[in-house]
1. Restricting attention to the range 42-52, and to residues there that are touching a Lys or Arg at 6+ places or on another chain (Cβ under 9 Å) and either buried (at least 20 other Cβ atoms within 10 Å of the Cβ) or among the aromatic types (Phe, Trp, Tyr) (or both), which single residue is farthest from His166 (Cα to Cα)?
2. Restricting the search to the range 23-59, which residues are closer than 18 Å to Arg111 by Cα and not aromatic (Phe, Trp, Tyr)?
3. When you go through (1) in contact with a Gly (Cβ under 7 Å, 6 or more places away or on another chain); (2) under 14 Å from Glu55 (Cβ atoms) one by one for Arg80, which number turns out not to apply?
4. Enumerate the pairs (first residue in the range 287-313 and without any contact (Cβ under 8 Å) to a residue 24 or more places away in the chain; second residue anywhere and in a loop (DSSP other than H, G, I, E, B) and not basic (Lys, Arg)) with beta-carbon separation below 7 Å, excluding pairs fewer than 6 apart on the same chain, so at least 6 apart or on different chains.
5. Among the residues in the range 148-162, are any basic (Lys, Arg), at pLDDT 80 or above and assigned to a loop (DSSP other than H, G, I, E, B)?
6. Does Thr187 satisfy the condition of being modelled with pLDDT of 55 or more and either among the β-branched types (Val, Ile, Thr) or surrounded by 11 or more Cβ atoms within 10 Å (Cβ to Cβ) (or both)?
7. For the range 12-41, how many residues are among the β-branched types (Val, Ile, Thr) and either surrounded by fewer than 19 Cβ atoms within 10 Å (Cβ to Cβ) or touching a Gly at 6+ places or on another chain (Cβ under 8 Å) (or both)?
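The values are calculated or read from the model by the stated rules, or taken from the named source; none is laboratory data. Small disclaimer: the values here were computed from a predicted structure and weren't measured. Note that we place each Cβ from the backbone using ideal geometry, even for glycine, and neighbour counts take in every protein chain shown.
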Amino acid sequence: MSGDPSRSSVEVDLGFLEEAEPWRLLSPQFPSKVGGKPAWLSQTGLPPVPALECEICRLPLAFLLQVYAPISGQDRSFHRTLFLFCCKTRECYTCNDSRCLKVFSCQLPRRNEFYPYDPPEDEPSSDGEPDQSVLSVSGIKLCWVCGCPGNKACSRCHAVTYCGKHHQTLHWKHTHKTECGAQEASTVTTSTFLFPESELITEPEEEEEKEEEEEKEDPQEAEEENGSEECPSFADTMAETDLEAMATHETEDNEVFQRFKKRIAPEPHQVVRYSRGGSPLWVSFQHIPCDQDIPACTCGAERTFEFQVMPQLLNSLCVDSTAASIDWGTLAVYTCSASCNHGDQYRPEFIWKQDFGSDRMQMKPT
């Protein structure tokens, strides 16, 4: 995905899920992907364990997706990836509360200590798939369960590491109790905690036909064409005004939702919409952020919209059920407009969760 700020704000890239060979989803391929373990960009400066916990329940977050989004013409952002994590505890998904989500950005210049200067070859490495339980370049150990930093080792075999006691207990109950000390225990890297893994491929959204302009008529022109009409009485005007005041909120919310459905209808399987400097496609008139709701970056620059996650993704995560599910209407990610220089460190960015109104819950796109 291109993060060129010179692009027109109306241009949108749509993200779709596609199966891929495992080697294509590893860090040296600079993937955009959903699920599995994060394919970390910089192999140093990873987010600390507390930063990857849900702010509501304090349990470890699960890796949701990452978007590779370099910025053209800016060497420090030659490689640039955004990482999104979410809580898997259903109770944390209270209406329009974003504390169960975290997003981080990381960027590297073209010449760096982790990757070759030239683009990667479009074929698997002759060395085979590396063991993702440890980052060999920097020696940072990762949690077997979630793929995030983890220095807590199994006290029995010392071969498997975890981000904390919660994932150590989870792994022990699931398989490690019987595998501890066995040779295969250190190489098996699948986990029931992870979301299903897929590659995230993109294609430009086709420009909308300007049907709305043709469909909409100027009320005054329409009135002139139809001839003069009788003026309503004062009582009728007051009654209509009262009704409009009562229905305005519901009408505006319905209009926003219908616009959302119409916009995604040509590509109903889109799971991400990327448009750096553009605008999100909201699902509701309620809980739309104003400028003051989006905090500036720590460098002082304003944050700008970059991409959003669509509700359709929930269907692919095997969590979208009527009674028990993590949930959202859309997740809008805002990042530093200057893409400021923070070396090879992972920088927290801002995410806004907007939910469907209660009357829209059964109308979500599938």
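1. Looking at the filtered set, the residue picked out is Pro47.
2. Scanning the range 23-59 gives Ser27, Pro28, Gln29, Leu41, Ser42, Gln43, Thr44, Gly45.
3. For Arg80, the failing item is (2).
4. As it stands, the answer is Ala296/Glu302, since those pairs meet every condition given.
5. Within the range 148-162, one or more residues are basic (Lys, Arg), at pLDDT 80 or above and assigned to a loop (DSSP other than H, G, I, E, B).
6. When the stated conditions are applied, Thr187 does not pass them.
7. 1
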